[in-house]
Every structure is written in structure tokens, then in C-alpha cells.
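The values are calculated or read from the model by the stated rules, or taken from the named source; none is laboratory data. Quantities reported herein were computed from a predicted structural model and do not represent experimental measurements. Here Cβ is always computed from backbone atoms with ideal geometry, including for glycine, and neighbour counts include all displayed protein chains. Each accessible area value is taken on the protein alone, full model and side chains, heavy atoms only, with ligands, DNA and RNA left out. Shrake-Rupley method; radii C 1.70, N 1.55, O 1.52, S 1.80 Å.
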Amino acid sequence: MAGIRDATHLCIDMQNIFAKGGVWETPWMERVLPVISEICARYRERTVFTRFITPEQPEDRRGQWRAYFTKWQRATRGKLAPGALEIVPELARYSPPALVVDKPAYSAFFGSRLGHLLVERHVDTVVVSGAETDVCVLSTVLGAVDLGFRVVIVQDALCSSSDAGHDALMTMYRMRFNEQIDLITSAELFDMWRPD
């Protein structure tokens with residue numbers, strides 16, 4: 001496997017809403033947080049955090065998103081506690097210099113400035129961590145593949161609320177996307193990507 005250069009660490013949705021006690025609590029988050037924190041510490045200048053920003057109320061979205069947020073009204077900005085959509089404190093301390101990009105949907109590339117930002121920075125590779133493996137991470141990874149980026153997924157830096165969903169995605173990446181997606185551990189990442 002080739003070394004990693006011209007890369008950005010893309011940390012997906014490590015927000016309070018997914019942390020312990022959050023509306024969309026992701027039990028694994030506490031387990032992967034130290035790994036993600038170490039990645040952020042090593043690559044502060046090359047880290048981009050994404051935040052899934054919910055609508056003020058369900059009526060602010062169209063189609064199936066409106067139905068989704070009608071079911072999950074307590075996740076809308078009008079009902080959430082202050083700070084629920086912020087990056088968890090353990091990681092927020094890295095920004096700045098790490099950047100924060102807001103997105104209105106699962107993919108970090110949809111309705112955000114992320115694609116332009118990566119092109120401006122001459123990024124060829126996105127190193128992915130965050131939440132959730134089988135929702136926002138999946139959508140972002142497929143978006144990155146579509147845009148032609150090399151995608152490196154740090155397996156021990158992902159979390160999900162579904163063991164079955166996480167395992168199914170790891171299998172799919174290995175079997176169906178092995179020419180476009182590399183699965184590695186954080187230890188392998190630190191060997192392969194030397195900070196600039």
C-alpha cells in the first residue's frame with residue numbers, strides 16, 4: 001500500500017448529539033475517541049471536522065427529510081439543548097487550526113464547501129474517521145470516491161450504533177471498493193503519513 005501524502009483527515013460528525021446522553025447516542029464513541037484525538041493531535045493543520053446541522057423545524061426540509069425530522073423532532077435545532085451540534089470537547093480543542101465544515105445531510109460533500117476546500121488545498125487523499133460508519137461516514141466515503149479522491153478509512157477510529165451495520169460496511173469496502181478504498185489501523189496510519 002502506498003504511503004499517504006497530500007492528505008486531509010476528515011473527521012465525520014463527532015458531535016455532542018452523538019455522544020453519551022445525546023439524542024442520537026452512539027455507544028462506541030467513547031471507545032474510539034482516544035484514537036481520533038491522537039489522529040487530530042498529529043495532523044491538526046490537516047484536520048477538517050464536519051457537523052451534521054439539523055433544521056430548526058421539520059418544515060424547513062423537503063421530501064423524506066421532512067418526514068425524518070417529524071419523527072426526530074427532538075433532534076431539530078428548535079428542540080435541542082444548546083451545544084448539542086458542537087464537536088465534542090475532547091476534539092473541539094484542535095480547532096483552530098483544524099477547520100469545521102457544516103453540512104445539511106449525510107454526505108459531507110452535499111450542500112457544503114468541503115469539495116472546494118479540498119481542491120484548494122490540493123488534497124488527493126482523505127483519511128476518514130468518525131460517526132456513524134453506516135450512515136454519514138458511508139455517504140461521505142462514497143461521495144469522496146465519486147469525486148476521485150483516494151479514501152483511507154481508519155478502522156479503529158469509526159463508531160456506529162449498529163454492530164451489524166458497521167461489520168457489513170467493512171466487508172463491503174474490502175470486497176467491492178478495494179481499488180478505491182484502503183482500510184487501515186491508526187498504527188498503520190501513523191507509519192504511512194508523516195506530518196508535513
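Can P58 be described as modelled with pLDDT of 95 or more and either within 26 Å of P89 (Cα to Cα) or among the small types (G, A, S) (or both)?
On the way: modelled with pLDDT of 95 or more: yes; either within 26 Å of P89 (Cα to Cα) or among the small types (G, A, S) (or both): no.
It is false that P58 is modelled with pLDDT of 95 or more and either within 26 Å of P89 (Cα to Cα) or among the small types (G, A, S) (or both).
Please tell me if V145 is open to solvent by less than 30 Å² (accessible area, probe 1.4 Å), among the β-branched types (V, I, T), farther than 17 Å from L33 by Cα and part of a helix (DSSP H, G or I).
yes
In the stretch 171-189, how many are farther than 16 Å from G143 by Cα, out of contact with any strand residue (DSSP E or B) (no Cβ under 7 Å at 6 or more places or on another chain) and surrounded by 13 or more Cβ atoms within 10 Å (Cβ to Cβ)?
Kept after step one, since they are farther than 16 Å from G143 by Cα, are these residues of the stretch 171-189: 171, 174-175, 183-189.
If we keep only those that are out of contact with any strand residue (DSSP E or B) (no Cβ under 7 Å at 6 or more places or on another chain) too, we end up with 171, 175, 187-188.
Restricting the remaining residues to those that are surrounded by 13 or more Cβ atoms within 10 Å (Cβ to Cβ) gives 188.
Count: 1.
Give the residues of the stretch 52-111 that are open to solvent by 30 Å² or more (accessible area, probe 1.4 Å), within 27 Å of L147 (Cα to Cα) and among the basic types (K, R), sorted by residue number.
R61, R62
Return yes when L114 is under 13 Å from the mean Cα position of the chain (by Cα) and under 13 Å from V48 (Cα atoms) and no when it is not.
yes
Only residues that are modelled with pLDDT of 95 or more and surrounded by fewer than 14 Cβ atoms within 10 Å (Cβ to Cβ): list them for the stretch 18-44, please.
P34, A41
Only one of T54, T8, T26 is closer than 22 Å to V123 by Cβ and under 17 Å from the mean Cα position of the chain (by Cα); which?
On the way: T54 fails: closer than 22 Å to V123 by Cβ; T26 fails: closer than 22 Å to V123 by Cβ.
On inspection, the qualifying residue turns out to be T8.
For the structure I just gave you, tell me whether Y68 is modelled with pLDDT of 95 or more, in contact with a strand residue (DSSP E or B) (Cβ under 8 Å, 6 or more places away or on another chain) and not acidic (D, E).
Details: modelled with pLDDT of 95 or more: yes; in contact with a strand residue (DSSP E or B) (Cβ under 8 Å, 6 or more places away or on another chain): no; not acidic (D, E): yes.
When the stated conditions are applied, Y68 does not pass them.
Does any residue of the stretch 71-79 turn out to be modelled with pLDDT of 95 or more and within 17 Å of I153 (Cβ to Cβ)?
no
Mind checking which pairs have a first residue in the stretch 174-192 that is modelled with pLDDT under 95 and a second that is of a type in the set (F, W, Y) and open to solvent by 90 Å² or more (accessible area, probe 1.4 Å), Cβ under 6 Å, 6 or more apart or different chains?
So the pair list comes out empty.
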